[in-house]
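Enquirer: Take a look at this one; I'll ask things after.
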2 protein chains.
Amino acid sequence: MNFTIHHKAAGSKARAGVIETAHGAIQTPIFMPVGTAGTVKSLHREFLLNDINAEIILGNTYHLYLRPGNEVMRAAGGIHAFANWDRPVLTDSGGYQVYSLTDARKMKEEGVTFQSHVDGSKHLFTPENVMDTQRIIGADFIMAFDECTPYPCDYEYAKKSMHMTHRWLDRCVARFSETEPLYGYEQTLVPIVQGSTYPDLRRQSAEYIASKNAPANAIGGLSVGEPAEEMYSMTEEVNAILPEDKPRYLMGVGTPANILESIDRGIDMFDCVMPTRNGRNGMLFTENGIINIRNKAWAMDFSPLDRLSPEYSKAYVRHLFVTGEMLGAVVASLHNLRFYLWLVREARTQILAGTFPAWKEKMVKAVSTRITG
Amino acid sequence: MNFTIHHKAAGSKARAGVIETAHGAIQTPIFMPVGTAGTVKSLHREFLLNDINAEIILGNTYHLYLRPGNEVMRAAGGIHAFANWDRPVLTDSGGYQVYSLTDARKMKEEGVTFQSHVDGSKHLFTPENVMDTQRIIGADFIMAFDECTPYPCDYEYAKKSMHMTHRWLDRCVARFSETEPLYGYEQTLVPIVQGSTYPDLRRQSAEYIASKNAPANAIGGLSVGEPAEEMYSMTEEVNAILPEDKPRYLMGVGTPANILESIDRGIDMFDCVMPTRNGRNGMLFTENGIINIRNKAWAMDFSPLDRLSPEYSKAYVRHLFVTGEMLGAVVASLHNLRFYLWLVREARTQILAGTFPAWKEKMVKAVSTRITG
């Protein structure tokens with residue numbers, strides 16, 4: 001994996017770059033559509049490839065480990081072959097999903113035991129076996145196994161957890177180093193900064209992660225309920241320490257405004273279920289703000305859904321949602337991902353043109369507006 | 001509307017033709033994907049236009065009348081504008097849906113009162129207001145309001161019902177004649193033969209319908225549970241009487257074998273929910289037979305789903321169904337419609353080549369096989 005920075009914005013920490021992987025190049029900043037179980041919900045690959053033009057998608061180790069399971073994944077030859085997706089893939093480590101199973105997991109130094117949400121069966125994730133599973137899935141970027149602390153989180157817990165995440169990282173690195181990719185192409189292990197919302201812990205964690213000299217670095221444990229300002233200030237603390245010449249990935253973020261503010265603070269990679277999950281509930285993101293397409297206000301509005309989605313009218317898409325038609329989820333997911341990808345690409349254009357800060361200010365306001373029709 | 005027959009198959013009643021409408025030409029025999037509420041379930045127009053290449057789709061008056069309702073439909077400028085579909089559309093009259101609401105409808109000479117499945121509200125469909133609603137929907141082909149009798153149906157009821165359907169047809173024709181299309185293009189009213197499974201009633205009804213000299217004719221009340229042989233013999237009775245130079249539409253049919261046998265008996269147009277509905281349940285139709293993609297047998301089968309759908313493997317599509325992923329429904333619906341459209345197009349090719357009867361014999365057997373992996 002290689003990362004080249006083409007341009008740094010004046011008056012901002014924003015950067016435009018390119019990441020080269022065994023499955024092709026990724027222009028940064030980039031948004032990665034979430035393909036939980038090896039599918040970006042409701043979207044045919046035709047749309048991902050030729051419409052949204054997704055440059056990288058994300059898979060969830062927890063979900064893929066449970067279904068189809070490692071045996072099928074290994075026999076398929078990994079996620080690229082299984083899902084017929086020959087562009088880059090990143091898999092999370094399962095840490096976040098396991099952390100979400102609040103009542104069905106037990107954390108200890110060895111790892112986490114948890115009960116499957118599918119059938120209640122018991123499983124153990126350790127730094128070592130999560131590396132093994134991610135070797136089997138075969139993503140281009142694989143995430144270290146960490147504990148994602150909740151918000152709020154008391155200082156002592158956050159500190160203890162951070163140190164465990166660091167020890168787990170060392171075990172991940174050891175296992176990763178002593179194993180080989182299974183399918184003949186390079187995989188990159190990405191360590192994760194934790195430390196909750198405590199600046200000193202975040203700095204300490206960033207120092208530790210930076211010391212590993214990994215080809216890319218991630219920030220976890222944010223976008224878990226804290227105020228956006230806390231997320232931004234933690235990102236600033238961490239980015240002041242993480243190496244500038246490596247891609248930085250802010251996990252699970254976020255709204256369009258969150259993404260723009262984080263690009264401004266030097267983040268290069270994002271993922272979030274929001275465009276697809278909120279889309280399935282009828283929330284549409286546009287450059288002029290947010291539309292709840294279920295609202296009665298759109299019943300007789302025959303204008304195009306949006307500049308990026310001119311093929312159906314607001315009234316028609318509302319009709320799809322009101323009648324519970326599956327196409328509503330498809331159209332809204334497609335639109336929101338078109339918008340998210342447009343947003344990061346436009347950010348890149350503005351960075352390269354030297355106009356990012358002013359554009360960002362304007363856009364953050366616009367995308368946060370509620371359009372009521 | 002114009003219908004030209006290009007070729008009649010030797011040793012068969014099958015014909016290859018073309019129907020010209022205000023929204024373009026339809027090569028026959030044709031299968032019409034069902035777009036109940038103005039959307040072929042789960043399928044983006046991109047697929048309908050450029051992949052399946054649907055030449056005409058079907059809408060349901062009952063569903064469109066309830067939602068979005070006539071006010072929205074009128075304001076949109078009809079179904080073509082509302083759904084952004086500029087190819088031909090056929091709407092059924094609502095008779096079949098109302099007949100399905102067994103416990104929530106009352107039939108009388110005037111029409112049918114029924115309760116909406118959406119909110120329980122009461123409505124009255126009459127031959128006249130169903131014509132008005134179909135003027136508002138603006139389909140190219142609009143169906144007469146009829147009673148679809150159940151199977152089995154006693155002779156006296158079938159006879160009485162058939163006569164009422166005939167009287168309703170006269171009222172449809174009268175209302176249709178005294179009203180104009182609302183959007184500047186021609187609509188064609190299609191009368192429907194009834195008579196249950198009684199040859200004498202079917203002949204009587206066919207004579208009555210033929211006497212109306214409509215530009216196209218339909219056969220209703222079949223594919224409601226009767227043995228396939230009954231359906232075929234009723235179709236033969238009716239087609240011996242319906243004019244040869246007009247398109248014949250066999251409503252709600254059916255399996256791939258049903259379609260081939262009916263083409264062989266001189267049917268030109270078909271519609272059925274089977275490819276989409278059964279697809280959503282994991283049943284895939286192929287030229288080699290039927291696949292239940294949920295079966296464990298496919299878990300490690302990484303071969304393409306089918307010749308017509310090479311973009312995903314059987315194992316992957318099974319995974320989508322097992323995990324309840326929406327893309328499973330999309331892929332299966334897309335595949336089944338690709339197959340249904342392939343089937344009628346290949347039938348047309350075989351008719352034109354003079355090889356239809358032998359090909360049909362072979363194909364009827366093949367498509368009815370169960371492929372167990």
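Enquirer: Over all distinct alpha-carbon pairs, what is the Kirkwood Rh of the protein assembly as shown in angstrom?
Expert: So the Kirkwood estimate lands at 28.4 Å.
Enquirer: Whole number please: convex hull volume per residue, Cα atoms of segment A:147-192, in Å³.
Expert: Once divided by residue count, the hull of segment A:147-192 is 70 Å³.
Enquirer: Out of residues 5 or more away from A:H6 or on other chains, whose amide H comes under 5 Å of its own, with H placed 1.01 Å from N in the peptide plane?
Expert: Under 5 Å from the amide H of A:H6 lie the amide H atoms of A:A16, A:G17, A:V18, each far enough along the sequence or on another chain.
Enquirer: If one computes the Cα centroid of segment A:58-126 and of segment A:244-316, what distance in Å separates the two points?
Expert: 27 Å
Enquirer: Picking from A:H319, A:H23, A:H117, which is most flexible by a Gaussian network model of chain A using Cα springs under 10 Å?
Expert: A:H117
Enquirer: Shifting gears a bit: Taking K and R as +1 and D and E as -1, what net charge do the other residues with C-beta under 9 Å from the C-beta of A:A37 add up to?
Expert: Local net charge: +1.
Enquirer: Lys and Arg at +1, Asp and Glu at -1: add these up for the other residues within a Cβ distance under 12 Å of B:D92 and post the number.
Expert: Net of charged neighbours comes to -2.
Enquirer: Calculate the mean, over all residues of peptide A:295-302, of how many other protein chain Cβ atoms lie within 10 angstrom of the residue's Cβ.
Expert: The shielding value for this peptide is 2.
Enquirer: While we're here: Out of segment B:264-312, which trypsin sites (Lys or Arg not before Pro) are coil in DSSP terms and have no more than 14 other C-beta atoms within 10 Å?
Expert: B:R307
Enquirer: Out of all DSSP beta bridges with both ends in segment A:245-342, state the antiparallel percent to the nearest 5.
Expert: So the antiparallel bridges amount to about 75 percent of the total.
Enquirer: Also: How high is the relative contact order of chain B, in percent, counting Cα pairs under 8 Å that sit 6 or more residues apart?
Expert: 19 percent
Enquirer: Please list, by residue number, every one of the GluC sites (Glu not before Pro) in segment A:160-245 that is coil in DSSP and has at most 16 other beta-carbon atoms within 10 Å.
Expert: Those satisfying the criteria are A:E186, A:E244.
Enquirer: Okay, moving on. Enter the mean number of other protein chain beta carbons within 10 Å of the beta carbon of each residue in B:80-89, as an integer.
Expert: The shielding value for this peptide is 2.
Enquirer: With θ taken as phi - 60° and the coefficients 6.51, -1.76 and 1.60, list the Karplus ³J(HN,Hα) couplings across segment A:96-106 in order, rounded to whole Hz; mark glycine and proline as x.
Expert: 5, 5, 5, 4, 6, 7, 2, 8, 10, 8, 9
Enquirer: A further question on this structure: By average Cβ neighbour count within 10 Å, what is the ranking of B:6-14, A:196-204 from highest down?
Expert: Ranking the peptides B:6-14, A:196-204 by packing returns A:196-204, B:6-14.
Enquirer: Give the angle, between 0 and 90 degrees and rounded to the nearest 10, that separates the Cα long axis of helix B:127-137 from the longest principal axis of the Cα atoms of chain B.
Expert: Tilt of helix B:127-137: around 50 degrees.
Enquirer: When a/c reaches 1.5 or more, the comparison of a/b and b/c decides; with that in mind, is segment A:53-102 rounded, prolate or oblate per its Cα gyration tensor?
Expert: Oblate is the answer for segment A:53-102, as a/c is 1.5 or above yet b/c matches or exceeds a/b.
Enquirer: Which far-off residues, 5 or more places away or on another chain, put their amide H under 5 Å from the one on A:V193, with H placed in the peptide plane?
Expert: A:A218, A:I219, A:G220
Enquirer: Okay, moving on. Report the percentage of all Cα-Cα pairs in segment B:1-96 whose separation exceeds 22 Å, rounded to a whole percent.
Expert: 36 percent
Enquirer: Run lengths n ≥ 4 of DSSP H only: what is the helix-derived mean residue ellipticity at 222 nm for the protein assembly as shown, with -39500 (n - 2.57) per run over all residues, to the nearest 500?
Expert: -12500 deg cm²/dmol
Enquirer: Amide H of B:T286 versus every other amide H placed in the peptide plane: which residues, excluding those fewer than 5 positions away on the same chain, fall under 5 Å?
Expert: When sequence neighbours closer than 5 places are left aside, the close amide H contacts are B:I291.
Enquirer: Same structure, new question: Other chains' Cβ within 10 Å of A:323-333 residues: what's the mean?
Expert: Mean partner-chain Cβ count within 10 Å for A:323-333: 5.
Enquirer: Can you pull out the GluC sites (Glu not before Pro) in segment A:82-163 that DSSP calls coil and that have at most 16 other Cβ atoms within 10 Å?
Expert: A:E109, A:E110
Enquirer: Now for a different question. For chain A, what does the accessible surface come to per residue with a 1.4 Å probe? Please give it in Å².
Expert: The answer is 36 Å² per residue.
Enquirer: Net charge near A:H80: determine it from the other residues with C-beta under 11 Å of the C-beta of A:H80, scoring Lys and Arg +1 and Asp and Glu -1.
Expert: -1
Enquirer: Let me ask you something else. Just to be sure I understand: if you take the accessible area of chain A alone plus chain B alone and subtract the pair, with a 1.4 Å probe, what total do you get in Å², rounded to 100?
Expert: Roughly 3400 Å² of accessible surface disappears when A and B pair.
Enquirer: Where q = 0.12, 0.18, 0.24, 0.28 Å⁻¹, what log10 of I(q)/I(0) comes from the Debye formula for segment B:215-279, counting one point per Cα?
Expert: Computed log10 I(q)/I(0) values: -0.27, -0.59, -1.02, -1.35.
Enquirer: Hey, which of these cross-link pairs are over 31 Å Cα-Cα: A:K122/B:K41; A:K13/A:K212; A:K13/A:K41; A:K122/A:K159?
Expert: A:K122/B:K41; A:K13/A:K41
The values are calculated or read from the model by the stated rules, or taken from the named source; none is laboratory data. All values derive from a computational prediction rather than experimental measurement. We place every Cβ from the backbone using ideal geometry, glycine too, and count neighbours over all the protein chains shown. The accessibility values were calculated without ligands, DNA or RNA, using every heavy atom of the protein model including side chains. Shrake-Rupley method; radii C 1.70, N 1.55, O 1.52, S 1.80 Å.
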